[in-house]
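The values are calculated or read from the model by the stated rules, or taken from the named source; none is laboratory data. All values reported here derive from a predicted model rather than from experimental measurement. Counting neighbours? That spans all protein chains shown, and the Cβs are built from the backbone with ideal geometry, glycine included. For the accessible areas, the whole protein counts, side chains as well, though only heavy atoms, and no ligand, DNA or RNA atoms are used. Shrake-Rupley method; radii C 1.70, N 1.55, O 1.52, S 1.80 Å.
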Amino acid sequence: MHRATSEEEALNLLFLGDTNRAISETAMNQASSRSHCLFTVFLECRGAGGSDKVRRSKLHLVDLAGSERVHKTKSDGVTLREAQYINTSLFYLEMVIVALNEKKGGRVHIPYRNSMMTSVLRDSLGGNCRTSLVVCASPASADASETASTLDFGSRAMKVRVRVR
């Protein structure tokens, strides 16, 4: 966690985090990100004139590494292990999305603690937040199954309803 007192400092931290991401070539992608990226901005606004009132906001910017079928990427070694970690964390995120949609039917437990990512994003996924999701899909016919999976995920995530207070 780093303190930034200006927009410029915050952007420098964002760019620093982006440069620390692992990227490697696979059979499907010349510059495949090998990790997810979460950038969280905490904002605090204090009332003027000595007021005790404090308003706090949090903004998560998340770039998920894409799920890739291992046989299509022809990954091995470190790249294979990274793909397995990516797919596992996306599976846990999917479990939370499904559980949140089943909450309307009486489901009580939401498995946020299965991964660090779902723990961090708990309030954004099922809490008191406005959440937007942008999915990226490939227009290549060879990637049709991955595109369909991505769109299915986006559709399930879109059905999650939160109450913003």
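Using the alpha-carbon atoms, what tilt in degrees (0 to 90, nearest 10) does helix 144-158 show relative to the longest principal axis of the chain?
Between helix and principal axis, roughly 20 degrees.
Rounded to the nearest whole Å², what accessible area per residue is found for the chain with the 1.4 Å probe?
With all protein chains present, the chain gives 72 Å² per residue.
Any chance you could give the angle, 0 to 90 degrees and rounded to 10, that helix 7-19 forms with the longest Cα principal axis of the chain?
Its long axis makes an angle of about 20 degrees.
Once label points are set 7 Å from the Cα along Cα→Cβ at both T5 and V78, what is their separation, rounded to one decimal in nm?
3.8 nm
List the aspartates and glutamates whose alpha-carbon lies under 16 Å from that of K53, not counting same-chain residues fewer than 8 positions away?
The reachable aspartates and glutamates, counting only those whose Cα sits under 16 Å from K53, are E44.
Helix 77-102 versus the longest principal axis of the chain: what angle, 0 to 90°, nearest 10, using Cα atoms?
Taking Cα atoms only, the helix is inclined about 60 degrees.
In a shell of Cβ-Cβ distance under 13 Å around L13, excluding L13 itself, what net charge do Lys and Arg (+1) and Asp and Glu (-1) give?
-3
Write down Rg/Rh for the chain, rounded to two decimals, with Rg from the C-alpha atoms and Rh from the Kirkwood relation over Cα pairs.
1.02
Computed on alpha carbon atoms, what radius of gyration and Dmax characterise the range 78-120, expressed in Å?
Computed over the Cα atoms of the range 78-120, radius of gyration and Dmax are 12.2, 41 Å.
Find out how many positive minus negative residues lie around M116, taking Lys and Arg as positive, Asp and Glu as negative, among other residues whose Cβ is under 15 Å from that of M116.
The answer is +1.
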